[in-house]
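The values are calculated or read from the model by the stated rules, or taken from the named source; none is laboratory data. All values reported here derive from a predicted model rather than from experimental measurement. Cβ placement follows ideal geometry from the backbone for every residue including glycine, while neighbour counts extend to all protein chains displayed. Please note that ligands, DNA and RNA were not included when accessible areas were found on the heavy atoms of the full protein model with its side chains. Shrake-Rupley method; radii C 1.70, N 1.55, O 1.52, S 1.80 Å.
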Amino acid sequence: MIYVDIIFLLTGAIICAFLSIFAVASIGEKKLRAAILSAVLLVIVYAVWFEGYFIYIPDPEILLYILIAITLLFALFFLPIGQTRSMEIGELSEKVDERDIIFAREEYLPGTEKYEKYYSEHPELKDKDDRIRNLPELLEPGGKYYNPELAVKIGAKFEIIENMLERVDGEANQLPVAVDRDKMTSEIKDLTRRLGADDVGIAELDPMFVYSHVGRGPDKWGAPINNNHNYVIAFTMEMDYDHVEQAPRLPITDETATQYLRGALISIHIAAFIRSLGYPARAHIAGSNYQIMLPPAACVAGLGEMGRLGYLITPKFGPRIRLGAVTTDLPLVPDKPVKFGVQDFCRICKKCAINCPSGAIPTGDKTDVRGVVKWQLDIERCFHYWRAAGSDCGLCMRVCPFSHPPTFTHNIVRAGIKRSSFARRVSLWGDDIFYGKNIIKSGTLIE
Ligand code: SF4
Ligand code: SF4
């Protein structure tokens, strides 16, 4: 039975090594609670496992039972147990009018033609939107987390993005060169990554992802949007963990602006490259330039799944990302949607909803929104809070368990969440214990 003793001691060493790595990584993530708890757990496991073995030298049969129990727990954690649902992407039944989105509506100022026209057609939104407009604008004094130095820095980044608008489109340079679809797909993906994207995927452009009418930007308000491109190249950019950890304060907005600037450079470069091959291509950049809805396009392009919080959740960085996109007719090979347990984890988690200061995230089931079954964010409530805070908040992104950095220990947990409903329960329980369930109470941060 000497083998049982060796395996028992090795198993103890592996568990202790895992806890040590977790404790050190938690210090790196500045998660004091997780670091202390994992260190305490390490001491307990070490004492019980090794002291117990060397002092009491238990019966090999007992060691064997302990090992069998641990093997069973591992199997339950990593094997496909229970259901892993896919996103119900479905068929969108109607296009979204960009004039209806909150970022367009906040720009309709009382006394202007747009204001009169829009609210004569949508009187039900007028009071709600007026209340939002009466709050300080983002990055302006009066917001709860206003910070003059950061506001100037962020404003400069958005100004650069606005100045890039004229670069998003143009004539294709020549007659289209013949391309090998597979090779061109790899080339575009490599280039997108080399330019700074963290992941990139391709989807056929569903016409329902294209806004019906212009709501923002330099083009004529209310003009129909004619984007009939065949494909969308969607990409993600990681948001810096330390900046996101400061949500809802202004550093997260600074990081948002930084990534949007990066996204603008990447997409404009990719679109220009494609046009130089003789194919039409248009970059879609932040601010006032999107012709398409990026999150559903990114889902179909295999970059992630839509979560309860209303953002795309990616396998590596969770919702801690920003999106960019190029639409084009360049022949490409589309990717397939992915699933890694988000739909089932979000069902039981609700951490974003519990911590949302505006109550914008539903705690209940998904609903059918224009043919897509999803958790629907109350965007007016969310945006109302943005204006009151003076930032783009991001608390939901900060507390989401998928936002942890892709370290060794978090990746092991993700591997379990992807397959096993048992792992989802245990991971959620562990997340609450190590990181806490609430960081906000009655609209106030508990820190
Ligand atoms: S916090 Fe939880 S419920 Fe919300 S999106 Fe993240 S995993 Fe889903
Ligand atoms: S950004 Fe803030 S207010 Fe908006 S849904 Fe997320 S937590 Fe709620």
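Some values worked out for this structure:
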quantity: Angle between the chain longest axis and helix 181-194 axis [Cα atoms, degrees, rounded to 10]; calculated: 80 degrees
quantity: C-alpha long axis of helix 60-78 to longest principal axis of the chain, angle in °; calculated: 10 degrees
quantity: Accessible area of residue 121 in the full protein assembly, 1.4 Å probe (Å², nearest 10); calculated: 110 Å²
quantity: Heavy atoms of residue 62 accessible to a 1.4 Å probe, total area in Å² rounded to 10; calculated: 90 Å²
quantity: Per the chain, cysteines lacking a partner by the 4.7 Å Cβ criterion; calculated: 16, 299, 346, 349, 356, 382, 393, 400
quantity: Per-peptide average of other Cβ atoms within 10 Å, ordering 308-314, 139-145 highest first; calculated: 308-314, 139-145
quantity: Solvent-accessible area per residue, Å², over the chain with all protein chains present [probe radius 1.4 Å]; calculated: 48 Å²
quantity: Three-way shape label, the range 2-78, alpha-carbon gyration tensor, a/c 1.5; calculated: prolate
quantity: Unit charges at the beta carbon, dipole of the range 98-395: most positive-side option, 195, 315, 228; calculated: 315
quantity: Angle in degrees between helix 408-419 and the longest Cα principal axis of the chain, rounded to the nearest 10; calculated: 80 degrees
quantity: Charge dipole (debye, nearest 20) of the chain; +1 at Cβ of Lys and Arg, -1 at Cβ of Asp and Glu; calculated: 600 debye
quantity: Most fluctuating residue given options 218, 136, 207, as computed from a GNM of the chain linking Cα atoms under 10 Å; calculated: 218
quantity: Sulfur and carbon atoms: percent of accessible area, the range 38-130 [1.4 Å]; calculated: 66 percent
quantity: Stretchable slack from residue 124 to residue 369, in nm (0.36 nm times residue separation minus alpha-carbon distance); calculated: 86.3 nm
quantity: Label-point separation in nm, residue 57 to residue 7, each point 7 Å along Cα→Cβ; calculated: 2.1 nm
quantity: The range 174-250, accessible surface, carbon-and-sulfur percent (1.4 angstrom probe); calculated: 46 percent
quantity: Accessible area (Å², 1.4 Å probe, nearest 10) - residue 88; calculated: 90 Å²
quantity: Distance from the range 76-141 to the range 297-375 (C-alpha centre basis), Å; calculated: 16 Å
quantity: Exposure rank, largest accessible area first [194, 105; 1.4 Å]; calculated: 194, 105
quantity: Largest-first ordering by accessible area, 1.4 Å probe, given options 220, 366; calculated: 220, 366
quantity: Accessible-area order (highest first, 1.4 angstrom probe) of the listed residues 177, 214; calculated: 177, 214
quantity: Segments 393-401, 424-432 sorted - mean Cβ within 10 Å per residue, highest first; calculated: 393-401, 424-432
quantity: Long-range tail of P(r) for the chain (Cα pairs > 41 Å, %); calculated: 24 percent
quantity: For the chain, built as a Gaussian network whose Cα springs stay under 10 Å, the top-fluctuating residue of 61, 107, 91; calculated: 61
